[in-house]
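Let me begin by presenting the structure, written as structure tokens, before commenting on it.
The values are calculated or read from the model by the stated rules, or taken from the named source; none is laboratory data. From a predicted model like this one, the values you see are computed outputs, not experimental measurements. Here the Cβ positions follow ideal geometry from the backbone for every residue, glycine too, while neighbour counts run over all protein chains shown.
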Amino acid sequence: MVKKILLLGSGELGKEFVIAAQRLGQNVVAVDSHEGAPAMQVADLFEVIDMLNGDALDKVVAKHKPDLIVPEIEAIRTERFYDYEKQGIQVVPSAKAANFTMDRRAIRDLAAKDLGIRTAKYLYAGSLEEMYTVVEEVGMPCVVKPLMSSSGKGQSIIKCEADIEKAWNIAGSKGRGDSGDVIVEAFVKFTSEITLLTVSQKNGPTLFCPPIGHIQERGDYQQSWQPAVISDADVKAAQDMARKVTQELGGAGLWGVEFFICEDGVVFSELSPRPHDTGMVTLAGTQNFSEFELHCRAVLGLPIPEITLERVGASAVILAHKEGTNPYFEGLEKAAIYPKSDLRLFGKPTSREYRRMGITLAYNSIGTDVFICVDQAKEMAALVTVKNK
Ligand SMILES: Nc1ncnc2c1ncn2[C@@H]1O[C@H](COP(=O)(O)OP(=O)(O)OP(=O)(O)O)[C@@H](O)[C@H]1O
Ligand SMILES: [Mg+2]
């Protein structure tokens, strides 16, 4: 069964998804706002549109008549997805999931209020005036985020009263929502963070990957490793929460469910209804299927008999340092000599400061200290520099 898949968003995660889909003989149209995006390089066809424009989205859907719509990013006019679903198109994982997860208010209230899942204490504010009362109630330090944003955009931490106005302005300038409202969350003193890749199948139980540990800077991940070193009780608690949230959102596909691990247990943070950037560590062959292969199988309704840990591994990001065109890499021959390692270079047509241009991967046999892999991946990434022609 060859399906036509409309991939909305064509970054590095989309590229790996397309490769997984192509290996299963599927047909993919990759969409993004600019030409030459990573997933377009490997897809059957591509389209360049503004995905926040509902009419442009409608046109592309009408033109290609896909069997499946696979969103790769959040910044899409997801309200239209309900309509596509009614037309009989399979929206991945579901229209509700894509729509809810792009709005922090929808997903947070669903988790905390409807499902009773433990989250950081939080409130919303719609004006600077309201911020003062909300911050007092939540307490300092607290984190402020626009309701619609990703990769840490528009986020800041309030440590003292003077930060309140700054945080409001930062959020206002970077959010992509229409409302301008923000969420104010108590700062969670976590000992570590994990992503629990969770797979909802069409006909089969919800499956979990071994947890992935990661380090974040400026709202973006820097290194990730699998398995994360956390207690069995914490894994079990995270799995229970992930199962509840994903079942409530419905559909089939892989999710990246983010948790803070604290001394007194697990706190739910948020989730992506799609492969997660920290999950690129699975490209090191840490599992029998990468997160992209799992996503592909799940959305096509192919059974996933089991998910097994095959190796321990780590990934580290290769970042650009300035804005420019025609980026290229220096130092690859030094990084590539490491045994038990690999690289992914995304082929992005432009660079900007802190933009992720590639990753390094390191792995070893089960039983090896995973942080040896983290150190190696970091060492390799440090040898590679992004330059511009
Ligand atoms: N309440 C909090 N307490 C402590 N740290 C936080 C809190 N909220 C966010 N962070 C830190 O900021 C990072 C990014 O936050 P979050 O995942 O909410 O942002 P995001 O913009 O949705 O990012 P992405 O889309 O890349 O996942 C978290 O992984 C964590 O390191
Ligand atoms: Mg996050």
Would you point out which residue out of 311, 243, 297 is of a type in the set (Lys, Arg), farther than 29 Å from residue 340 by Cβ and either in contact with a strand residue (DSSP E or B) (Cβ under 9 Å, 6 or more places away or on another chain) or away from ligand 1 (no atom under 16 Å from the Cβ) (or both)?
243
Quick check: anything in the stretch 359-368 under 30 Å from residue 91 (Cα atoms) and outside the structural domain of residue 67 (by TED's automatic domain parsing)?
yes
Being part of a helix (DSSP H, G or I) and crowded, with 20+ Cβ neighbours inside 10 Å is the filter here; which residues of the stretch 62-79 pass it?
78
By residue number, the members of the stretch 344-354 that are buried (at least 19 other Cβ atoms within 10 Å of the Cβ) and without any contact (Cβ under 8 Å) to a residue 60 or more places away in the chain are 351
State all residues of the stretch 194-208 that are of a type in the set (A, V, I, L, M, F, W, C) and within 15 Å of the chain's Cα centre (by Cα); if no residue qualifies, say none.
194, 196, 197, 199
Result of the Cβ filter at 9 Å on the stretch 210-222, keeping first residues that are under 18 Å from residue 311 (Cβ atoms) and at pLDDT 95 or above and partners that are within 12 Å of ligand 1 (Cβ to nearest atom) and not in a strand (DSSP E or B), at least 6 apart or interchain, is 212/276; 212/278; 212/279; 213/278; 214/277; 214/278
Out of all the residues in the stretch 139-149, is one or more within 13 Å of ligand 1 (Cβ to nearest atom) and touching a residue at least 60 places away in the same chain (Cβ under 8 Å)?
yes
Filtering the stretch 190-208 for residues that are within 14 Å of ligand 1 (Cβ to nearest atom), polar (S, T, N, Q) and either buried (at least 16 other Cβ atoms within 10 Å of the Cβ) or over 21 Å from residue 233 (Cβ atoms) (or both) leaves a count of 2
